Ligand code: NAD
């Protein structure tokens, strides 16, 4: 048994609280990972806010980076291996076996529901099992158990605090642009929302060499950062007609748009800024329904598609992101604000209020 500290949600609607927990040893192809750093993503916050009381207590966290310290008998990973933890998938369904694990048939069970606090749960509190397994990791903790399938081996040499957000936010933003929209240098791209995901989409468009990249966000500091990271223009949606501004900046409309806001009115605007045959990627979580402007979509031959985790196959895409970061192409340090692990409350609050774009807890123990 391994003693650990974890951010445990005890009460529906409250914030998680740092608590002493115990992890059981890894079994099968599981690995026990010492979490060296873990990012807080808006998905942790939005899912925690509506987590049902019957599945409490629960540990969230799905951007863990750390070091393998123990392995189950079927695991091929070895102790000492640096890993980035990412989303989980079954590894067997038609989507997993064809390199599209983000669309795994049992993705919701593996990532969003937790493991149900049964006897097989990795976590114990005061001797009783509690729910974990969020995104197959529950890594808002000093140790986490993951499966080999969602523990991605990476090279040494990238700081854990910068590696952590590669597991979700950065993979999602960069992958949406490079993998899902597959933009070309001659394309114009507009990104709605300049948080960790949107700014990663901006960096992805810059890596692809896009000639015009527009970021839209009401927060001035986020617009400024978008420009620093490669946007060629930034638009304040509270300052006037976004459609007119983006059409002018893109010479008649964008080829591709990315929505990270999940605000229904923004989705409509995102469609109006596209040129004929343009594509909108829906990435933000939180608008269960939104009006569909059928005439616009049909008349201009637009594509609207959802994108999970940047369409990526993480065992190939995350090492590519690590190489890009080491080559200076992904200045992750501009997104990340680090907090000591024991300052969890401050980090969670900074994520909730937007004071930090990507708060990352660093485990100094
Ligand atoms: P964030 O809150 O930091 O970013 C959202 C940004 O939208 C903020 O900067 C905010 O100022 C901006 N915004 C608000 N209203 C706006 C408007 N009217 N027009 C333009 N911008 C506006 O969040 P994030 O961490 O970047 O995550 C973005 C979303 O992506 C979240 O909903 C998250 O849950 C989701 N997500 C999805 C996936 C996926 O696989 N699809 C993966 C990770 C995160």
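The values are calculated or read from the model by the stated rules, or taken from the named source; none is laboratory data. Please read all numbers here as calculations on a predicted model, not as lab measurements. Cβ sites come from the backbone with ideal geometry, for glycine too, and all protein chains shown count toward neighbours.
Tabulated data
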item	result
Helices (runs of 4 or more DSSP H) wholly inside segment 266-365 that include at least 2 residues being more than 16 Å from the ligand (Cβ to nearest atom) and closer than 21 Å to residue 202 by Cβ	314-326
Test: residue 13 is more than 23 Å from residue 362 (Cα to Cα), part of a loop (DSSP other than H, G, I, E, B) and at pLDDT 95 or above	no
Top-ranked residue in segment 212-230 [being more than 12 Å from the ligand (Cβ to nearest atom) and touching a strand residue (DSSP E or B) at 6+ places or on another chain (Cβ under 7 Å); ranked as nearest to residue 250 (Cα to Cα)]	212
Unique residue being outside the structural domain of residue 260 (by TED's automatic domain parsing) and farther than 23 Å from residue 108 by Cα when the list is 65, 70, 12	70
Cβ-Cβ under 7 Å pairs, at least 6 apart or on other chains, segment 183-200 side more than 15 Å from residue 261 (Cβ to Cβ), far side modelled with pLDDT under 95 and surrounded by fewer than 24 Cβ atoms within 10 Å (Cβ to Cβ)	185/211; 186/211; 188/211
Total residues in segment 42-63, condition within 16 Å of the ligand (Cβ to nearest atom), more than 20 Å from residue 160 (Cα to Cα) and either without any contact (Cβ under 8 Å) to a residue 60 or more places away in the chain or crowded, with 18+ Cβ neighbours inside 10 Å (or both)	6
Hits in segment 209-264 (condition: part of a loop (DSSP other than H, G, I, E, B), closer than 25 Å to residue 291 by Cβ and at pLDDT 95 or above)	217, 218, 236, 241, 250, 252, 253, 260, 261, 262, 263
Filtered residues of segment 69-87 (kept if over 13 Å from the mean Cα position of the chain (by Cα) and either surrounded by fewer than 17 Cβ atoms within 10 Å (Cβ to Cβ) or in a loop (DSSP other than H, G, I, E, B) (or both))	69, 72, 73, 74, 75, 76, 77, 78, 79, 80, 81
Selected residue (only one of 39, 66 is more than 16 Å from the ligand (Cβ to nearest atom), crowded, with 23+ Cβ neighbours inside 10 Å and either under 16 Å from residue 7 (Cα atoms) or more than 13 Å from the chain's Cα centre (by Cα) (or both))	66
Counted residues, segment 88-112 - those being more than 16 Å from the chain's Cα centre (by Cα) and either assigned to a loop (DSSP other than H, G, I, E, B) or within 14 Å of the ligand (Cβ to nearest atom) (or both)	10
Looking only at segment 188-205, and only at residues there that are away from the ligand (no atom under 11 Å from the Cβ) and outside any helix (DSSP H, G or I), the one that is surrounded by the most Cβ atoms within 10 Å (Cβ to Cβ)	189
Hits in segment 136-148 (condition: more than 16 Å from the ligand (Cβ to nearest atom) and either part of a strand (DSSP E or B) or modelled with pLDDT of 95 or more (or both))	138, 141, 142, 143, 144, 145, 146, 147
